1. Please list, ordered by first then second residue, the pairs with beta carbon atoms under 8 Å, 6 or more apart or interchain, first in the stretch 359-375 and more than 19 Å from MET254 (Cβ to Cβ), second at pLDDT 90 or above and hydroxyl-bearing (Ser, Thr, Tyr).
2. Would you be able to tell me the number of residues in the stretch 53-82 that are within 10 Å of CYS35 (Cβ to Cβ) and either assigned to a helix (DSSP H, G or I) or charged (D, E, K, R) (or both)?
3. Considering only the stretch 132-164, how many residues are under 18 Å from VAL262 (Cα atoms) and in contact with a Cys (Cβ under 7 Å, 6 or more places away or on another chain)?
4. State which residue pairs qualify: first residue in the same structural domain as LYS222 (by the TED database) and inside the stretch 197-208, second residue of a type in the set (Lys, Arg) in any location, beta carbons under 6 Å apart, and separation of 6 or more residues or different chains.
5. On the basis of being under 17 Å from ILE148 (Cβ atoms) and buried (at least 19 other Cβ atoms within 10 Å of the Cβ), does LEU217 make the cut?
Amino acid sequence: PAVISPCKILKCNSEFWAATSGSHHPGAEEAPEFCTALRAYAHCTRRTARTCRGDLAYHSAVHGIDDLMVQHNCSKDGPTSQPRLRTLPPGDSQERSDSPEICHYEKSFHKHSAAPNYTHCGLFGDPHLRTFTDTFQTCKVQGAWPLIDNNYLNVQVTNTPVLPGSSATATSKLTIIFKSFQECVDQKVYQAEMDELPAAFVDGSKNGGDKHGANSLKITEKVSGQHIEIQAKYIGTTIVVRQVGRYLTFAVRMPEEVVNAVEDRDSQGLYLCLRGCPVNQQIDFQSVRSAQATEGRARRKGPSLPVPPEAFTYETATAKCREKLPVEDLYFQSCVFDLLTTGDVNFMLAAYYAFEDVKMLHSNKDKLHLYERTRVLTPGNTAPTGTHPTLWVALLCLCWLCLL
C-alpha cells in the first residue's frame, strides 16, 4: 500500500490561513478574532504532534504560533472557533504589485537583444519524466528524489508503490523551496501530499513575504484541492501542481538561464529534470509496450506484476486512452502503460492533464508531441537521442566496402 504521511500540519496551516484571510497584522478591533484563530491553530498542531515529530513544517508552525501569541498578547486559554476575518485592504504586503524591476525577470531583458529562452519539465503517472531537453523517460525512482536543484529553488518528489509488490510508483509528496532573493522574496516552502493540495505556503502566506517585491511570487488556486499554480516572476518561472486521483503531477516552465544556474554543474548531484533518471532506474518503455501488446497485460523486467484491481487488456486500455489522447504519441503510450500496470483510470487523466500543461507551458509548439523514447547511450545520466536506423545501415555498408 502507498505510504501516506499521518502528519496533517498542512491541513492546520490551510485552516489558519482560511480563518485569517492572510492577515499578519490585524487591527485592534480584529485582535480577539485573530487570537481565537491562533488558539485553534495551536490546538490543531497539538492534535497532530505525535505524528509530526520529525516534520520541519510542523516545528516551524509551532514556533510561529508562539511568536504570534506574544506579538498580539493572545491568551492561550479561550475560544477556539475559527471566525473569518475581513479581507485585507489594497496596499497590504499580500496585495501590493509595485515590485521593483529586478523582481520581474522578463522586464529585466528590455535592454538586451534576445528574449529569454524557456524550457519545460514535467512528471506524472507511473512516473513519466519529460526533461528540460525534451527527453522522455519512464522511471522507477521509488522514495525521495530531487527534480530541480539550482541557485533559486529546490523541488523534491517522493514516489511510493501503487500496488503491493509492484515496481509501479507514483508521486505522493512534493516539496518546493523558493530561496530568498534580494529585495524580492523571503525563503518560502510549499508542500503537497496525497489529499492535501494547499493553496498557500507552509507558513500560511500566499506570496513572497514582507519584501518590496513579495508579489513576484504568488500562489493561485485554480481548482480547490486539485490544481494550483505558482508564479515566480522574479525568475520567470511558472509551476503547476495537480492532484489527479490520489497522486500528484508536476509541470514547470523555466528560463534556460535559471535551469543552468548551479554553482558547480560537474559535481552537482542528481537533478532529474536536467539530467534525467539514472540508467538503473529507467524502464525500457518500448520493450514493455511490446509485451503489453502481445500479452495483453504489463510486464516489467523481473517478476510479473500482480493483477491490478481493475484489469485492462491492451485493447481496452488503448480505447480508454484514445478518449482523451487522440494522438498516439508518448503521452498516449504512457496512458496505456499506466492503465495496464495499475488498473486505475485516474492515470489516464494524469497523462491528459500532463499534456494540457505541456501545451500551456512549452515555448516550442512544434515539440508538444514526442513519439520516440530517448535511449541513454552515454555516461553521466544524460540522454541523447538514439541513432537513426538509416545511419546504422550506411555505417554497415561503409564497413563492407572497406573490407573489399
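1. The qualifying pairs are HIS369/TYR331; ARG373/THR138; THR374/THR135.
2. 3
3. Going through the stretch 132-164, the residues under 18 Å from VAL262 (Cα atoms) turn out to be 132-133, 145-156.
Retained after the next criterion (residues that are in contact with a Cys (Cβ under 7 Å, 6 or more places away or on another chain)): 132, 147-148.
Number of matching residues: 3.
4. That search, which allows pairs on different chains as well, returns ALA200/LYS206; PHE201/LYS188; ASN207/LYS218.
5. Numbers: under 17 Å from ILE148 (Cβ atoms): yes; buried (at least 19 other Cβ atoms within 10 Å of the Cβ): yes.
Yes; evaluated as a whole, the condition is true for this residue.
The values are calculated or read from the model by the stated rules, or taken from the named source; none is laboratory data. Remember, it's a predicted structure, so these values are computed and weren't measured experimentally. With ideal geometry, Cβ positions are generated from the backbone for all residues, glycine too; neighbour counts draw on all protein chains shown.
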